[in-house]
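**Q** Quick one: this structure, given as structure tokens, is what I'll be asking you about.
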Amino acid sequence: GAVVSQHPSRVICKSGTSVKIECRSLDFQATTMFWYRQFPKQSLMLMATSNEGSKATYEQGVEKDKFLINHASLTLSTLTVTSAHPEDSSFYICSAAGTGGTDTQYFGPGTRLTVL
Amino acid sequence: ILNVEQSPQSLHVQEGDSTNFTCSFPSSNFYALHWYRWETAKSPEALFVMTLNGDEKKKGRISATLNTKEGYSYLYIKGSQPEDSATYLCAFATDSWGKLQFGAGTQVVVTP
């Protein structure tokens, strides 16, 4: 399957700072990238969908001004957690896909964010 | 919010034994059902994408069935091996846009 990288794998930051997470599809062009968040013992929750060259679509309850998503190319999407607070501490994971609900999504390994 | 339920939450299997577990999803607005295997510290690995009622897919010792009318899918592991130890996730799509609703997963531990 396709390879998706995610960087950093782990980050610890102080409250109030911003953190950028990169998601790269290494061997295919991803029309769409998805960002998920997982709290302990819970399922992956979709945060937003991003398509190359257009604004991301956010799920209900996800603050678009707090979680900035940029999908500048077919191989790179970034998620910036702005003014992070301890409640933003979570596991963030991205996936990349072609188009359509039957397309396999290829996942990165995730980023563990801890906000002190 | 759609409810995708997976059961059991975890199970322990002796090496060589076969096992199966369930993913339940709303039977209305079905578009596709995805299965992933997620090993610790790795990326979730795609196993199957299923779309048709009655569909059955197989990959090595792992297979899955789909019943869209009653809203469930079974995943089977035949002759479990320690390398099958992982969390198995199912995810439900209601449309062609690719948005997935995930279950919480079934954690499988295979002991030698």
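The values are calculated or read from the model by the stated rules, or taken from the named source; none is laboratory data. Because the structure is a prediction, the values reported are computed rather than measured. Every residue, glycine among them, receives a Cβ derived from its backbone with ideal geometry; neighbour counts consider all protein chains shown. Accessible surface areas use protein heavy atoms only, side chains included; no ligands, DNA or RNA. Shrake-Rupley method; radii C 1.70, N 1.55, O 1.52, S 1.80 Å.
**Q** Restricting the search to the stretch A:51-85, which residues are open to solvent by less than 40 Å² (accessible area, probe 1.4 Å) and in contact with a Leu (Cβ under 9 Å, 6 or more places away or on another chain)?
**A** Residues satisfying the conditions are A:ALA56, A:VAL62, A:PHE67, A:ILE69, A:THR78, A:LEU79, A:THR80, A:VAL81, A:THR82, A:ALA84.
**Q** I'd like the full set of residues that are away from chain B (no Cβ under 11 Å) and part of a strand (DSSP E or B), limited to the stretch A:53-68.
**A** At the first step, the residues of the stretch A:53-68 found to be away from chain B (no Cβ under 11 Å) are A:53-56, A:58, A:62-68.
Scanning the stretch A:53-68 gives A:TYR58, A:PHE67, A:LEU68.
**Q** Search the stretch B:75-102 for residues that are within 14 Å of another protein chain (Cβ to nearest Cβ) and touching a residue at least 40 places away in the same chain (Cβ under 8 Å) and pair each with any residue that is of a type in the set (D, E, K, R) and open to solvent by 10 Å² or more (accessible area, probe 1.4 Å) when their beta-carbon atoms are under 7 Å apart and the residues are at least 6 apart or on different chains.
**A** Filtered contacts from the stretch B:75-102: B:ALA86/B:ARG37; B:ALA86/B:GLU39; B:TYR88/B:ARG37; B:ALA93/B:LYS99.
**Q** Among the candidates B:GLU5, B:GLU70, B:GLU45, single out the residue that is out of contact with any strand residue (DSSP E or B) (no Cβ under 7 Å at 6 or more places or on another chain) and not aromatic (Phe, Trp, Tyr).
**A** Numbers: B:GLU5 fails: out of contact with any strand residue (DSSP E or B) (no Cβ under 7 Å at 6 or more places or on another chain); B:GLU45 fails: out of contact with any strand residue (DSSP E or B) (no Cβ under 7 Å at 6 or more places or on another chain).
Just a single option satisfies the conditions, and that option is B:GLU70.
**Q** Among what's in the stretch B:9-28 and is open to solvent by 50 Å² or more (accessible area, probe 1.4 Å) and of a type outside the set (Ser, Thr, Tyr), pick the residue that is nearest to B:ALA91 (Cα to Cα). Before the answer, list the steps.
**A** Step one: list which residues in the stretch B:9-28 are open to solvent by 50 Å² or more (accessible area, probe 1.4 Å), which gives B:9-10, B:12, B:14-15, B:17-18, B:20, B:27-28.
Then drop every residue that is not of a type outside the set (Ser, Thr, Tyr), which leaves B:9, B:12, B:14-15, B:17, B:20.
Working: B:GLN9: 15, B:HIS12: 22, B:GLN14: 27, B:GLU15: 27, B:ASP17: 26, B:ASN20: 17 Å.
The qualifying residue nearest to B:ALA91 (Cα to Cα) is B:GLN9.
**Q** Now for a separate question. Collect the residues in the stretch B:1-43 that are in a strand (DSSP E or B) and closer than 13 Å to B:VAL109 by Cβ, keeping them in residue-number order. Show your work before the answer.
**A** Just the residues of the stretch B:1-43 that are in a strand (DSSP E or B), to begin with: B:5-7, B:10-14, B:19-24, B:32-38.
Selection gives B:SER10, B:LEU11, B:HIS12, B:VAL13, B:GLN14, B:THR19, B:PHE21.
**Q** List the strands (runs of 3 or more DSSP E) that sit entirely inside the stretch B:71-112 and contain at least 3 residues that are under 10 Å from the mean Cα position of the chain (by Cα). Steps first, please.
**A** On the way: elements: B:72-77, B:86-93, B:100-102, B:106-111.
The strands (runs of 3 or more DSSP E) meeting that bar are B:72-77, B:86-93.
**Q** Separate question: Can you pull out every residue in the stretch B:79-100 that is modelled with pLDDT under 95 and of a type outside the set (D, E, K, R)? Even if it seems obvious, please write down each step before you answer.
**A** Kept after step one, since they are modelled with pLDDT under 95, are these residues of the stretch B:79-100: B:92-100.
Scanning the stretch B:79-100 gives B:PHE92, B:ALA93, B:THR94, B:SER96, B:TRP97, B:GLY98, B:LEU100.
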